[in-house]
Amino acid sequence: MKAIKNIGLIIFLTGLSIFTGTIFTGSFSLTTSEVEAFIQEKGYKSDVIRKELIKAAASEKELNIFDFSSRVRAAYQASNDHYDALIARYDAEKNWDKKGEQYQYKIYGKPHTLSYELAKKAGKGYVKDNAGMFWWLTFGLGIIGALLFILPNFVLLGPAGIKNNGIYLESATNRGWIAWLVLIYLVSFYLVLYFMADYVVNWTYILDPISEFLNGGQASQWFVYGFLYCVIMIVMAARMYIKYRHNKYQVVRTTSVLFFQIVFAFLIPEIMASLGAPGYDFKNAFPLDYDFFFEWNLDSLSQSGAIGIFILVWGMILTLIIVPVMVYFFGKRWYCSWVCGCGGLAETLGDPYRQHSDKSLKAWKLERWLIHSVLVFSLVMTIVTLYCYFSGAQSFLGINSQWIKDTYSFLIGAWFAGVIGTGFYPIFGNRVWCRFGCPLAAYLGLVQRFKSRFRITTNGGQCISCGNCSTYCEQGIDVRAYAQKGENIVRSSCVGCGICSAVCPRGVLKLENGPEQGRINPTEILLGNDVDLMKLVNQK
Amino acid sequence: MEHIVIIGNGISGVTLARHIRKNSDKEITIVSAETDYFFSRTALMYVYMGHMKFEHTQPYESWFWKKNRINLKKGYVQQVDPKKKQLVFSNNETLSYDKLVLATGSKPNKFGWPGQDLKGVMGLYHKQDLENLEKHAPNNKVCKRAVIVGGGLIGIELAEMLHSRNIPVTFLVRETSFWNGVLPAGESEMINEHIKENHIDLRLSTNLKEIVSDENGRVKSVIIEETGEEIPCDVVGLTAGVSPNIDFIKNSETSAEPSRSIETNRGILVNRFLETNIKDVYAIGDCAEQREAIGNRRPIEAVWYTGRMMGETLAQTLCGNRVEYKPGHWFNSAKFIDIEYQTYGWVFSERSKKDTELHFHWRHPKENICITVAYDKDTNKFLGINTFGIRMRHKIFDRWLTEERDVNHVMEYLADANFDPEFYRAYEKEIITKFNQENNTNIQPRKKSWKRIFAKA
Ligand SMILES: Cc1cc2nc3c(=O)[nH]c(=O)nc-3n(C[C@H](O)[C@H](O)[C@H](O)COP(=O)(O)OP(=O)(O)OC[C@H]3O[C@@H](n4cnc5c(N)ncnc54)[C@H](O)[C@@H]3O)c2cc1C
Ligand code: SF4
Ligand code: SF4
């Protein structure tokens, strides 16, 4: 069994290496007429960019993606520099007409994104020509290897039960060097994905056939990400099923997040796209879905006929009615650990790291400041955007609409949710984003704390203060602090993952939805002691 | 300001200190020789097993003590001088008190076995034992086999710990079945099976004769009393119970003035107010022995919960509201490797139960799940329940015990008491069907009702 695990690990690492290695393969070039076609398609009017792009992309040389990217970016830069210089010159000459004319030639957009678009067309090589085979060598080996590594646990872990043996003895799960390597890989992955997508254009070729099958179009970097996300969740869910097989709550919950990720976040949007409708994730609620009210989305929805209007109305109902009502009945968990994609990844890929959340009081204070600030930030951004959308203004309350959207997308959308939120799993735990950053979680949390039937009931006086619950609470809640006082846990940040209850060796904790009255029950003398004393002290 | 000194930073001493602080401004000092900060002894096993780090076993962050003005003093108290109201430490330092609380806990029993002090022989009680274990049994290369002597709760924990690092374990149990002095036969049998299912070499009705040393004063093997068999091993765990850790009190006794010494038996003798024979000296937790047992309870109750309850109670007395220690209904819990155990009220084993105590037992045909309900033969009064693999709601059983419900009531409303996580399979139907068959009753299970659960008693 151990041997199978080791073989699995080797196969997995081989798959991962090939996957990573493909980045460096292939050659990138276009013919002059292909570049012309691209320029036509993009509607560039400038002659300079035409010249520059042909020089950069229609090269005889065998360019790898990095050279190709830097040449293309330089081409855009050169073109823009040229017109900037003209603008400056006409400005100095006070030739306003001429100056104004130049703006149409300027090309906006992130350099790597522009380069990605061209690279997608320019790539050639073994990977692209043999996408199917490379799917097997990358995804295939990764999946097979990971499963071989995971499945033997069914036997190796012994009889069903909580098996956290060795978590703090192993490098991978105890912030050792393996954990740091994983962190570096994940962070690099997100940086490249968000900011240098052209570098990984080879990955998109591997998934082109699947993308074409699903939605008729070629794969983008986001398709790669979505597909990878699903694959990782499925494989790591197998691990969850084995590890927590004695705990039905975990089994059902894992199935639920898998379902919502695969069907709602992945398949439905792809199918919608193939039907020409805007691809929409019906479970992704604002303000987690922070660009729901951005102009481009509103425009696209309002131009998509009935389905667009439906999405618009649904999005609002989801946030304003469904979310709070469900939280009232079931707690925030219905979303955070049953439906949400971020939660889904945290509960599958992130499960081995859940113990790293910071339980200190300081961390709790930081959490409340941060998460509510992000909520306010997202709301201000949305108000500004909407005002500007309907009034046609550039800014509102002195805040420039484009600026605040860009800032939010960059800081919160990319860095916080992606690079830090997932990249830092191995060191800071699997719910950094959900705990400190997610504006939707902040909103759900407020409802959960003040108006909900959900609580974690503490079982009378049974707690032995062992600390398993606190250690494995991914949200950094010091569960024991409540349990050892016989007090129910009612906390805005609790995502109801149910792990505290699962790992408690004394059966102290139960997630339940019950009457609101008596939900919060501070106690000093615990059940089991003198009843008169309990009355005397607890009712003071 | 009155200075209250507590010897022992375990659950009883710390609970006491916290509650004194809530109710007063008195100066509080907690003394311990073991660790700087309070930690949860019950979690020691999880540190060795890698579920937690030692710091996770500490329920309070280190700023807590300063914020609550609880002085912590590390040192070993060698002598108590009640006349001068002063403690003497092993380094001859002294500390004066106005009131003294002894909360010194227990120490592992050693029954004078030959070789019991060899290197590699250890109990499992203090943090130092854990460090010792880490030294002698870091993995199965250094420790090729461990032998555990004594089949109680700590013994099975130690077995589970060693097993988690794939160290082969031989488990010597004096009784004919695991913990059958406490558990009824059916349950005890299920645990036997579960121990073996985990590949632990369980030897029932087996006593230790001696521990054999190698040339370096280290354990080499153990010899079995009954068969003379020699089992080679590198570690011997002695887990044959604990007794009050009060040698230093006994050493403090002055034969000249016996009336001035703190009176002890196995533990420190206290009355129902947790007062010793000496004014201003109290004892709580594992080290305290009731002069007269309370109800069915033993005079010394070495469990977490009672230590805590004594702390809660004594704090009242020390803050001017003198109250008797009056624990409510008995409850307890433990975990036997993967099987959780809870008990409410009294269920005695065949070895100790009265003839009027009847048992109803149900066991799942395949899984490690069972319950035993004890009730009175004549009145049908519900006496207690043991559950294995099913969690129960403390509050409900506590209420039923107070209301002196009969066993039929308990059966009928069993669903109210279930505390398993959501989506778990419930077994009330099977349980009640069996009960009906055995007792010719026709009890219909009721659905769980929040209204009843939250009803004020
Ligand atoms: C491995 C293990 C598992 C357990 N599991 C459970 C369980 O699941 N459920 C349960 O109910 N109970 C359990 N127990 C029992 C429970 O831990 C004890 O009943 C409880 O810790 C006793 O608390 P206490 O405050 O009385 O004493 P202790 O926790 O023993 O604290 C006494 C402290 O006083 C110190 N001390 C003693 N003498 C001196 C001196 N002369 N000078 C200075 N310091 C001194 C000791 O070093 C110690 O730190 C377990 C015990 C062990 C060892
Ligand atoms: S308190 Fe429990 S259920 Fe809530 S997030 Fe923490 S571990 Fe999960
Ligand atoms: S895991 Fe259970 S027994 Fe341990 S501290 Fe938490 S609630 Fe208490």
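Is it true that B:R145 is in contact (Cβ under 8 Å) with a residue 12 or more places away in the chain, closer than 29 Å to B:V182 by Cα, over 24 Å from the mean Cα position of the chain (by Cα) and away from ligand 1 (no atom under 14 Å from the Cβ)? The answer is yes for B:R145.
When the test is whether a residue is surrounded by fewer than 18 Cβ atoms within 10 Å (Cβ to Cβ) and either more than 14 Å from chain B (Cβ to nearest Cβ) or in contact with an Asp or Glu (Cβ under 9 Å, 6 or more places away or on another chain) (or both), A:G145 does not pass it. Of all residues in segment A:271-309, exactly one satisfies the criterion of being buried (at least 19 other Cβ atoms within 10 Å of the Cβ), of a type in the set (G, A, S) and under 21 Å from the mean Cα position of the chain (by Cα), namely A:A285.
In segment A:446-482, of all residues being of a type in the set (G, A, S) and within 10 Å of ligand 2 (Cβ to nearest atom), the one that is surrounded by the most Cβ atoms within 10 Å (Cβ to Cβ) corresponds to A:S470.
Does A:V490 fit the bill of being within 11 Å of ligand 2 (Cβ to nearest atom), modelled with pLDDT of 95 or more and not charged (D, E, K, R)? Yes: the conditions hold for A:V490. Could you tell me whether segment B:422-430 includes any residue that is among the aliphatic types (A, V, I, L, M) and facing chain A (nearest Cβ under 10 Å)? So far as segment B:422-430 goes, no, none of its residues is among the aliphatic types (A, V, I, L, M) and facing chain A (nearest Cβ under 10 Å).
Of the set (1) within 15 Å of ligand 2 (Cβ to nearest atom); (2) surrounded by fewer than 19 Cβ atoms within 10 Å (Cβ to Cβ), all apply to A:G514 but (1). Looking across A:W369, A:W364, one residue alone is surrounded by 15 or more Cβ atoms within 10 Å (Cβ to Cβ) and part of a helix (DSSP H, G or I). It is A:W364. Entry remark, segment A:153-173: residues being surrounded by fewer than 20 Cβ atoms within 10 Å (Cβ to Cβ), facing chain B (nearest Cβ under 8 Å) and without any contact (Cβ under 8 Å) to a residue 24 or more places away in the chain number 5 in total. If the condition is being of a type outside the set (A, V, I, L, M, F, W, C) and under 17 Å from B:H394 (Cβ atoms), then segment A:481-498 contributes A:Y482, A:Q484, A:K485, A:G486, A:E487, A:N488.
Of all residues in segment A:385-414, those that are at negative phi and loosely packed, with under 15 Cβ neighbours inside 10 Å have Cβ atoms under 7 Å from Cβ atoms of residues that are part of a helix (DSSP H, G or I) and modelled with pLDDT under 90, 6 or more apart or on another chain, in A:Q394/A:S401; A:S395/A:S401. Looking at segment A:183-197, is at least one residue within 14 Å of chain B (Cβ to nearest Cβ) and either in contact with a helix residue (DSSP H, G or I) (Cβ under 6 Å, 6 or more places away or on another chain) or part of a helix (DSSP H, G or I) (or both)? Taking every residue of segment A:183-197 in turn, none turns out to be within 14 Å of chain B (Cβ to nearest Cβ) and either in contact with a helix residue (DSSP H, G or I) (Cβ under 6 Å, 6 or more places away or on another chain) or part of a helix (DSSP H, G or I) (or both). Just so you know, in segment B:292-333 the residues that are among the basic types (K, R) and surrounded by fewer than 23 Cβ atoms within 10 Å (Cβ to Cβ) include one that is farthest from the other protein chains (Cβ to nearest Cβ), and it is B:R298.
Here B:K26 fulfils each of the conditions (1) touching a residue at least 24 places away in the same chain (Cβ under 8 Å); (2) out of contact with any His (no Cβ under 8 Å at 6 or more places or on another chain); (3) closer than 30 Å to B:G320 by Cβ apart from (2). For the criterion of being more than 7 Å from ligand 3 (Cβ to nearest atom), touching a residue at least 40 places away in the same chain (Cβ under 8 Å) and of a type in the set (V, I, T), A:I499 passes. Inside segment A:453-485, can you point out the residues that are more than 10 Å from ligand 3 (Cβ to nearest atom), more than 20 Å from A:H356 (Cα to Cα) and among the small types (G, A, S)? A:G460, A:G461 - these are the residues of segment A:453-485 that are more than 10 Å from ligand 3 (Cβ to nearest atom), more than 20 Å from A:H356 (Cα to Cα) and among the small types (G, A, S).
The residue that is nearest to the other protein chains (Cβ to nearest Cβ), among those in segment B:340-358 that are assigned to a strand (DSSP E or B) and surrounded by fewer than 20 Cβ atoms within 10 Å (Cβ to Cβ), is B:E357. Just a yes or no: is a residue in segment A:109-120 among the basic types (K, R), assigned to a helix (DSSP H, G or I), assigned by TED's automatic domain parsing to the domain that holds A:A88 and under 25 Å from A:F19 (Cβ atoms)? Checked segment A:109-120: at least one residue is among the basic types (K, R), assigned to a helix (DSSP H, G or I), assigned by TED's automatic domain parsing to the domain that holds A:A88 and under 25 Å from A:F19 (Cβ atoms). Criterion first (under 29 Å from the mean Cα position of the chain (by Cα), crowded, with 16+ Cβ neighbours inside 10 Å and more than 22 Å from B:K354 (Cβ to Cβ)) does B:L414 satisfy it? Yes, satisfied. Take A:F213 and tell me if it is under 26 Å from A:R71 (Cβ atoms), at pLDDT below 95 and away from chain B (no Cβ under 14 Å). Taking the combined requirement at face value, the residue does not satisfy it.
Every residue in segment B:25-38 that is over 20 Å from B:T94 (Cβ atoms) and out of contact with any helix residue (DSSP H, G or I) (no Cβ under 8 Å at 6 or more places or on another chain), please. Within segment B:25-38, B:D25, B:D36 meet the criteria.
Taking the criterion of being in contact (Cβ under 8 Å) with a residue 60 or more places away in the chain and touching a helix residue (DSSP H, G or I) at 6+ places or on another chain (Cβ under 7 Å), the residues of segment A:14-33 that qualify are A:T14, A:G15, A:L16, A:I18, A:F19, A:T22, A:I23, A:T25, A:G26, A:F28, A:S29, A:L30. Among the numbered conditions (1) in a helix (DSSP H, G or I); (2) surrounded by 18 or more Cβ atoms within 10 Å (Cβ to Cβ), the only one that B:G115 does not meet is (1).
Among the residues of segment A:485-495, just one is surrounded by 24 or more Cβ atoms within 10 Å (Cβ to Cβ) and within 11 Å of chain B (Cβ to nearest Cβ), namely A:G486. Here A:Y443 qualifies as buried (at least 20 other Cβ atoms within 10 Å of the Cβ), away from ligand 2 (no atom under 14 Å from the Cβ) and under 28 Å from the mean Cα position of the chain (by Cα). The residue that is nearest to ligand 3 (Cβ to nearest atom), among those in segment B:300-348 that are β-branched (V, I, T) and within 12 Å of the chain's Cα centre (by Cα), is B:V303.
The values are calculated or read from the model by the stated rules, or taken from the named source; none is laboratory data. Because the structure is predicted, anything quoted here is derived from the model rather than measured. Methodologically, a virtual Cβ is constructed for each residue, glycine included, from the backbone with ideal geometry; neighbour enumeration extends over all protein chains shown.
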